[in-house]
Amino acid sequence: MRIMLFGAPGAGKGTQAKIIAEKYQIPHISTGDILRESVKKGTPLGLKVKEIMEKGELVNDELMADLVKETLTDEKCSKGFILDGYPRTLNQALTLEKILGELPQAATYKISIDVEDEKIIKRLSNRRVCKVCGYIINLLEDGDLKSCPKCGAENPFYQRDDDKEETIRRRLEVFRSSTQPVLDFYKNKNELIEIDGDQPIEKVSEKIFSILN
Ligand code: AMP
């Protein structure tokens, strides 16, 4: 099974992708996580994309195409995958069609998690990430936790550079201008499954599972 998960930044794609990956035992491929890891390690790719990501802009389609092709053709994706954060432009959607066309065929679900912009800004500006294990908390729901409930690290929570309000607004603009056309493209082909993301995490997961089952 292949799943492409869409949603504005902060709609909850990463959270849902992890839950789905666990349930169906398929790898969670987050292009944002792969890029952040490259930045952290200071790889040649990381050095190229650091500034772009900090500004909330998109990394160019050619770099992304190489990264996604290399990842999806890897043996670990042979039984399926959940793709989170790609494609984000129409050009990337066409590249992905080509890559998938060269892989063994499997059912592909395109799921969009929808949340209004103002709610997203509130969510993201209060999002904090554990620097050790990547666990995500929200200050409004979880409070200002001093240790990570998942890995136990002390004082591990930090704010992603691109979760500052000004950058969030830019990321949303980029989403509406570059990624919305991708959603409209799939919607016009009747291939897009839309889910209301303004509900508790478990409710969104239940809805996704009911579709996948
Ligand atoms: P995310 O964690 O998915 O919100 O991605 C964080 C950042 O990584 C984005 O704001 C972009 O700068 C970059 N990025 C991730 N995926 C893509 C993509 N498919 N195309 C271009 N840039 C991307």
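Within 12 Å of the ligand (Cβ to nearest atom), in a loop (DSSP other than H, G, I, E, B) and of a type in the set (A, V, I, L, M): is that true of residue 58 in this structure? Yes: the conditions hold for residue 58. A single member of 163, 117 is out of contact with any strand residue (DSSP E or B) (no Cβ under 7 Å at 6 or more places or on another chain) and either closer than 26 Å to residue 3 by Cβ or among the hydrophobic types (A, V, I, L, M, F, W, C) (or both), and it is 117.
Kindly indicate which of 199, 159 is polar (S, T, N, Q), surrounded by 13 or more Cβ atoms within 10 Å (Cβ to Cβ) and free of Cβ contacts under 8 Å to residues at least 24 places away in the same chain. Break it down stepwise before answering.
Details: 159 fails: free of Cβ contacts under 8 Å to residues at least 24 places away in the same chain.
Of the residues listed, the single one that is polar (S, T, N, Q), surrounded by 13 or more Cβ atoms within 10 Å (Cβ to Cβ) and free of Cβ contacts under 8 Å to residues at least 24 places away in the same chain is 199.
Could you check how many residues of region 32-51 are surrounded by 15 or more Cβ atoms within 10 Å (Cβ to Cβ) and within 11 Å of the ligand (Cβ to nearest atom)?
Pass one, region 32-51, residues surrounded by 15 or more Cβ atoms within 10 Å (Cβ to Cβ): 32-36, 38-39, 45-46, 48-50.
This time we only want the ones that are within 11 Å of the ligand (Cβ to nearest atom), so: 32-36, 38-39, 49-50.
Within region 32-51, residues that are surrounded by 15 or more Cβ atoms within 10 Å (Cβ to Cβ) and within 11 Å of the ligand (Cβ to nearest atom) number 9.
Results for (1) away from the ligand (no atom under 12 Å from the Cβ); (2) more than 17 Å from the chain's Cα centre (by Cα); (3) within 30 Å of residue 107 (Cβ to Cβ); (4) aromatic (Phe, Trp, Tyr), shown as yes or no for each residue.
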residue: 25; (1), (2), (3), (4): yes, yes, yes, no
residue: 29; (1), (2), (3), (4): no, no, yes, no
residue: 72; (1), (2), (3), (4): yes, no, yes, no
residue: 84; (1), (2), (3), (4): no, no, yes, no
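Taking residues in region 53-75 that are more than 22 Å from residue 170 (Cα to Cα), and partners anywhere that are part of a helix (DSSP H, G or I) and more than 12 Å from the ligand (Cβ to nearest atom), the pairs with Cβ atoms closer than 6 Å and at least 6 places apart or on different chains are 69/99; 72/99.
Every number here is computed from the coordinates shown, using simple stated rules; none is lab data. This structure is a prediction, so every number in the text was calculated from the model and none was measured. Don't worry about glycine lacking a Cβ; one is built from the backbone with ideal geometry, like all the others, and counts go over all protein chains shown.
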